[in-house]
Amino acid sequence: MKTIYENGRGTLVRIVVFAGIAAGIAGLYASWAIFQTYGLSPGDGGVLKPFSERLAFAGVIASLGLAAAGGLALYASLYVTAIQADANGQRYKLTTLSLFSAREHDFQLSDFTGSKYFHGQLHTPKGPRVNAPWVTLRATGRALPFILDVQADANPQALDKIAPGAAAVWGHHDD
């Protein structure tokens, strides 16, 4: 198998995922504290709020924390760190992240059903400029597409077989 795509940002993505999990745990802790004490501070009136109100408020906070953790874990499972192709370009092995290791997915060339390019640029008048283009890669049997970082090292011509148009966008983004 020959490597046609290699992304060295897996460690950075994994750090962000763990930060999201920490945010989820913090959200659960905060929701428990809110459930136990909401209304007791002088600013809240000094009287414990009704059970349903505390439960609803705590539920919203817990949901936000769990959504952050779950969303980032899902993102990591779709984020491709490597693609390898066999000698004749008919079989492909995609490597994605998991929490503590990597996961490999095997596909035939015919399993890839399409790709789409996203420019990933955000320009704000006073804030940072973001330039993170990506390509989504759909495969049969999967509800969500894989995510390929356009700034990763790749062989665009070889990648063009599974992600039509890749050769046109790889290396043509503003740094």
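Quick one: Ile61 ticks every box in (1) farther than 17 Å from Asp149 by Cβ; (2) exposed (fewer than 13 other Cβ atoms within 10 Å of the Cβ); (3) of a type in the set (Val, Ile, Thr); (4) under 24 Å from the mean Cα position of the chain (by Cα) bar one, so which box is it?
Result: Ile61 passes all but (2).
Only strands (runs of 3 or more DSSP E) wholly contained in the range 57-161 count here; list those with 1 or more residues that are touching a residue at least 24 places away in the same chain (Cβ under 8 Å), out of contact with any helix residue (DSSP H, G or I) (no Cβ under 7 Å at 6 or more places or on another chain) and among the β-branched types (Val, Ile, Thr).
Details: elements: 80-85, 91-97, 102-108, 112-118, 134-139, 146-149.
Those strands (runs of 3 or more DSSP E) span 80-85, 112-118.
Of (1) aliphatic (A, V, I, L, M); (2) buried (at least 16 other Cβ atoms within 10 Å of the Cβ); (3) outside any helix (DSSP H, G or I); (4) without any contact (Cβ under 8 Å) to a residue 40 or more places away in the chain, Leu40 satisfies all except one. Which?
With respect to (1) aliphatic (A, V, I, L, M); (2) buried (at least 16 other Cβ atoms within 10 Å of the Cβ); (3) outside any helix (DSSP H, G or I); (4) without any contact (Cβ under 8 Å) to a residue 40 or more places away in the chain, Leu40 is out only on (2).
For Val16, all conditions in the list (1) of a type outside the set (D, E, K, R); (2) assigned to a loop (DSSP other than H, G, I, E, B); (3) within 21 Å of Pro133 (Cβ to Cβ) hold save one; what is the number of the exception?
All conditions are met except number (2).
Output the number of the condition that Gly10 fails; it satisfies all remaining conditions of (1) surrounded by 14 or more Cβ atoms within 10 Å (Cβ to Cβ); (2) under 21 Å from Trp170 (Cβ atoms); (3) modelled with pLDDT of 90 or more.
Single failed check for Gly10: (3).
Give the residue that is farthest from Leu148 (Cα to Cα), with candidates limited to residues of the range 97-120 that are surrounded by 13 or more Cβ atoms within 10 Å (Cβ to Cβ) and aromatic (Phe, Trp, Tyr).
The qualifying residue farthest from Leu148 (Cα to Cα) is Phe107.
Among the residues of the range 43-54, which ones are surrounded by 15 or more Cβ atoms within 10 Å (Cβ to Cβ) and either in contact (Cβ under 8 Å) with a residue 12 or more places away in the chain or under 18 Å from the mean Cα position of the chain (by Cα) (or both)? Give the derivation first.
Pass one, the range 43-54, residues surrounded by 15 or more Cβ atoms within 10 Å (Cβ to Cβ): 49, 54.
Once the filter is applied, which keeps residues that are surrounded by 15 or more Cβ atoms within 10 Å (Cβ to Cβ) and either in contact (Cβ under 8 Å) with a residue 12 or more places away in the chain or under 18 Å from the mean Cα position of the chain (by Cα) (or both), the range 43-54 yields only Arg54.
The values are calculated or read from the model by the stated rules, or taken from the named source; none is laboratory data. It should be emphasised that the depicted structure is a prediction, and the values quoted were computed from it without experimental measurement. Cβ: placed from backbone, ideal geometry, glycine included. Neighbour counts: every protein chain shown.
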